[in-house]
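*Asks:* The structure follows.
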Amino acid sequence: MENKKNNEKVREISIPGELIGSSKTFKTGYGTYIEGDKIFSKFVGVLQKSEEYVSVIPLSGVYVPQPNDKIIGVVEEAEKFGWILNINSAWQGFLSLSEGVDEYVDLKRINPTRYFDVGDIVYTEVKESRRGGDIQLTMKTPIARKLKGGVIIKITPSKVPRLIGKQGSMVNLIKEKTGTIIRVGQNGLVWVSGENVDKAIKAIKMIDEKSHIYGLTDEIAKLLS
Amino acid sequence: MRADYILKLLEKDERLDGRKLDQFREISIEKNIIATAEGSAKVKLGKTEVIVGVKMNFGEPFPDTPDAGVLRTEAELMPMAHPDFTSGPPGEDATEIARVIDRGIRESESIDVEKLCITKGEKVWSVFVDFYPINHDGNLIDAGSLAAIVALKNTRIPELDKEGKIDREKLKNPLPVMHFPLMITVGKVGNKMIIDPTFEEEQVLDSKLSIAVTEEGKVVAMQKSGSVGLTDDDVDNMIDIAVKKSKELRKLIEDGKKTSK
Amino acid sequence: MMKTDEKMIVKGKRLDGRKPDDLRKIEMEVGVIPNADGSSKVSFGKTTAIVAVYGPRSLFPRHLQESESGIIQFKYDMATFSVDDRKRPGPSRRETEISKVARLAIEPVLFLKNYPKTTVDVFVEILQADGSTRVTAINAASLALADAGVPMRDLVVGLSGGKVDDTLILDLCGKEDNYSDADVPMAFLPNKNEITLLQMDGRLTPEETKQIIRNILHAGKEIYKKQVETLKRKYSE
């Protein structure tokens, strides 16, 4: 399952069209498709194969919003009934007035930009991904908030789990060593604020480029010391 | 938000990639990379990558210079090089880049076009210089100018066969290139001057001045772009920077390019 | 087809020394254009194509959008200096036709139902043309799409076949392309039994035609192996 190359272990990479197994044996997860009774990979990605279950985690690809995703968005337009956000995907996200603001808003007297204005950065959640690329966002969840100051960096969305690490171990390591606050969006947008932003950004970029190797944690620790 | 961050850094004389304000990114130059061209070069400035190919064909001389060859520079901003580029005929940006690159070469009389005459008044060599950005991370003009002059310096003129037709299998005499101008673009933002801007840095510049300097230290072409005006002190300062940096760049190239064939 | 007195095959060897079934030297690389979502550079001998893929991304103008699915847009372009006689910039009829057939060669493998109203843009630039440019473009596009993480049923393999001097050959170079009795560019899905591009011009018997197709399917396996190795190589260094 794992190829050892020099001292770096590399996970097994699957290619689109590669036969993974029989649909009679395995249940299928993300990144696979079935033709006849055979399971194939859809992506260049890491193959996860257990006794009953197969999936392929793609190593690249643009962000496709799923409900409950916690993401970072940037307000692009303020409209009468809500805001349109850039969420780093092929579609924009829409935050309605009712999902953005807790109180009642009298539009005759109050301009919605008082709540969110063009350029504001928010940590938000995907409420619904409706047909035809209609992505509905919500701020009515404990983690949602406006992010002030800081800078945004983009990474490949599929690398986000690696940046976060087991129970947040990787991102916490970076935060500690650089004295920064970091919010990681599942859409590949990462918000960094604090003292050593440059160092934090270097570490984040390294993870983006080398997410497929083991021993990455040690390399990051070295970089940050 | 990125723009603000870049501006904040610049105020402290810092840049996103840790460079000094007057520092080039890593430069690499490869010549003769296109087998089907009479001359070619690939230049990388950091992540910016461009290719210039030189082709020679028969052409008609301009009426006022009947015994001189013709130089023509074109640029296509291929949509592959940046997500914001779209297909279609060259817009004002592509045209400007082509003309600025052309100016640096033409005005310095870098090519001895009188040696390119075949039959006076009728037939001369046309030298086509075509610029293609492969990846755009800022400073296409400097990268393109450098690639153009390296490509021209490595261009060889095809021989003519017995019937007077072009035989590109036989490339013989080098194109007569007399000078080696280098273009340095200096960007102004607030009261800071930077060279070799990345794509993101270009978005925050107030103005840019591109200056071509020959190996003799002569200024042979200039082009200002951007919507904010420059004071005469600014321009003096930018010329000094360009002269200094072109010397440095020239030395870098002569000391052995990072990768060259 | 042009005519020539020059022999294309002398003592069993082709102009460049190859045997009839030999392919030229193949070079492949992915991730060559940092700005693109996926990219590749592929050479078969002198013929070289570089490809950038952007997307799935938002598609404008709106009237091109499909509410139930994403679309693929394919632009094949030859650099002015890619051919002997400088090509004038801008799309020729040939490039427009190739853009279309290449798009149709790739479309069947893309899963675009999950990406409504979007486009996957494929930009191909031929840097050097020495025969078989459209199939080289398809090989490169297939790699760039996989590199971009666009979900695919399979990779796509492209290869040309033909006939010169009464001999069936594979991977035609420029001169062979010009003087051949027949030229057959083809693209297929290596893990399925599906041919997605098939063109032909010249004169062949039905048996010769079928034989060329079989030869291409067989030799294409080598190309597929190289594509797989190229994609995996990115993640092993």
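*Asks:* Find the percent of Cα-Cα distances in the range B:114-238 that exceed 20 Å, and round it to a whole number.
*Replies:* Values: 4404 of 7750 pairs.
Here the tail beyond 20 Å accounts for 57 percent of pairs.
*Asks:* Also, quick follow-up: Which of the peptides B:225-236, B:208-219 is most tightly packed, and how do the rest follow, judged by the mean count of other Cβ atoms within 10 Å per residue?
*Replies:* By packing density, highest mean first, the sequence is B:208-219, B:225-236.
*Asks:* In peptide B:132-143, how many Cβ atoms from other protein chains are near each Cβ within 10 Å, on average?
*Replies:* 3
*Asks:* Quick check: with the 1.4 Å probe, what order do A:L163, C:L217, A:L47 take by accessible area, largest first? Spell out each step's value before the answer.
*Replies:* On the way: A:L163 0, C:L217 60, A:L47 25 Å².
Solvent-accessible surface, decreasing: C:L217, A:L47, A:L163.
*Asks:* Looking only at other chains, what is the average number of their beta-carbon atoms within 10 angstrom of each beta-carbon in B:218-227?
*Replies:* The mean count of partner-chain Cβ atoms within 10 Å per residue comes to 0.
*Asks:* Using C-alpha positions alone, give me the convex hull volume of the range A:94-225 per residue in cubic angstrom.
*Replies:* Dividing the Cα hull volume of the range A:94-225 by its residue count gives 129 Å³.
*Asks:* Mind ranking A:S98, A:S60 by accessible surface for me, highest first, 1.4 Å probe?
*Replies:* Reading off the accessible areas and sorting them downward yields A:S98, A:S60.
*Asks:* If you split all Cα-Cα distances of the range A:9-153 into 10 Å bins from zero, what percentages do you get per bin, shortest first?
*Replies:* 11, 31, 23, 18, 12, 4, 0
*Asks:* Follow-up. Which of the helices in chain B meet the span-like rule: DSSP H, Cα axial reach of 15 Å or more, Kyte-Doolittle mean at least 0.0?
*Replies:* Values: long enough: B:92-106 (20 Å, -0.49); B:140-153 (19 Å, 1.66); B:232-254 (33 Å, -0.68).
Counting only whole DSSP H runs, the qualifying helices are B:140-153.
*Asks:* Given Cα positions, please report Rg to Rh for the protein assembly as shown, the hydrodynamic radius being the Kirkwood one.
*Replies:* On the way: Rg = 27.8 Å, Rh = 28.1 Å.
Rg/Rh: 0.99.
*Asks:* Rounded to a whole number of µm²/s, how large is the Stokes-Einstein D of chain C at 4 °C and 1.567 mPa s, given Rh as the Kirkwood radius over C-alpha pairs? Write down the numbers at each step before the final one.
*Replies:* Values: Rh = 18.2 Å.
The calculation lands on 71 µm²/s.
*Asks:* Which value in Å is the Kirkwood Rh of the range C:192-237 over different Cα pairs? All intermediate terms of the calculation are to be shown ahead of the outcome.
*Replies:* Numbers: mean 1/r = 0.0775 Å⁻¹.
Over the range C:192-237, the inverse of the mean reciprocal pair distance is 12.9 Å.
*Asks:* I would also like to ask the following. The range B:1-104: which GluC sites (Glu not before Pro) are DSSP loop and have at most 15 other beta-carbon atoms within 10 angstrom?
*Replies:* Answer by residue number: B:E14, B:E26.
*Asks:* Anything in chain C that counts as a DSSP H helix reaching 15 Å or more along its axis (C-alpha) with Kyte-Doolittle mean of at least -0.5? List them, would you?
*Replies:* C:93-106, C:133-147
*Asks:* Right, next: In peptide C:34-40, what is the residue-averaged number of other protein chain Cβ atoms found within 10 Å of each Cβ? Write down the numbers at each step before the final one.
*Replies:* Values: counts 8, 15, 7, 5, 4, 3, 0.
Rounded to a whole number, the mean comes out at 6.
*Asks:* Another question, then. At q = 0.16, 0.18, 0.20, 0.22 Å⁻¹, what log₁₀ I(q)/I(0) does a Debye calculation on the Cα points of the range A:70-147 give, no solvent, two decimals?
*Replies:* Once normalised to I(0) and log-transformed, intensities are -0.51, -0.65, -0.80, -0.97.
*Asks:* Please give the net charge around A:V184, taking every other residue with its beta carbon less than 13 angstrom from that of A:V184, where Lys and Arg add +1 and Asp and Glu add -1.
*Replies:* So the surrounding residues net to +4.
*Asks:* Over the range B:197-261, one equal point on each Cα, no solvent: what is log10 I(q)/I(0) by the Debye formula at q = 0.17, 0.18 Å⁻¹?
*Replies:* Rounded to two decimals, the profile gives -0.73, -0.80.
*Asks:* Right, here's the next one. Where q = 0.09 Å⁻¹, what log10 of I(q)/I(0) comes from the Debye formula for chain B, counting one point per Cα?
*Replies:* At q = 0.09 Å⁻¹ the computed log10 ratios are -0.42.
*Asks:* In straight Cα distance, which aspartates and glutamates are under 14 Å from A:K177, not counting same-chain residues fewer than 8 positions off?
*Replies:* The qualifying aspartates and glutamates are A:E195, A:D198, A:D218, A:E219.
*Asks:* From the gyration tensor of the Cα coordinates in the range A:13-58, what semi-axes in whole Å does the equivalent ellipsoid have, largest first, with each one equal to sqrt(5λ)?
*Replies:* Numbers: eigenvalues 43, 27, 10 Å².
Equivalent ellipsoid of the range A:13-58: 15, 12, 7 Å, largest first.
*Asks:* Heavy atoms of the protein only, probe of 1.4 Å, neighbouring chains included. What is the accessible area of B:F199 in Å², nearest 10?
*Replies:* 40
*Asks:* When averaged across all projection directions, what area in nm² does the alpha-carbon convex hull of the range A:151-224 cover?
*Replies:* For the range A:151-224, the mean projected area of the Cα convex hull comes to 4.1 nm².
*Asks:* Mean projection of the alpha-carbon convex hull of the range C:111-235 over all orientations, in nm²?
*Replies:* 8.9
*Asks:* Pop out the ³J(HN,Hα) list for the range A:25-42 in order, Karplus 6.51 cos²θ - 1.76 cosθ + 1.60 with θ = phi - 60°, rounded to Hz; leave Gly and Pro as x.
*Replies:* Rounded to whole hertz, the list is 8, 10, 8, 9, x, 4, x, 10, 9, 10, 10, x, 10, 10, 9, 10, 8, 9.
*Asks:* May I ask you to list the GluC sites (Glu not before Pro) in the range A:27-62 that are in a DSSP loop and have at most 10 other Cβ atoms within 10 Å of their Cβ?
*Replies:* A:E51, A:E52
*Asks:* Filter the trypsin sites (Lys or Arg not before Pro) in the range B:83-158 to those in DSSP coil with at most 11 other Cβ atoms within 10 Å of their Cβ, and list the result.
*Replies:* B:K120
The values are calculated or read from the model by the stated rules, or taken from the named source; none is laboratory data. Just so we're clear, the structure is a prediction, and the values are computed from it rather than from any experiment. Every residue, glycine among them, receives a Cβ derived from its backbone with ideal geometry; neighbour counts consider all protein chains shown. Remember, those area values only see protein heavy atoms, side chains included, never the ligands or the DNA or RNA. Shrake-Rupley method; radii C 1.70, N 1.55, O 1.52, S 1.80 Å.
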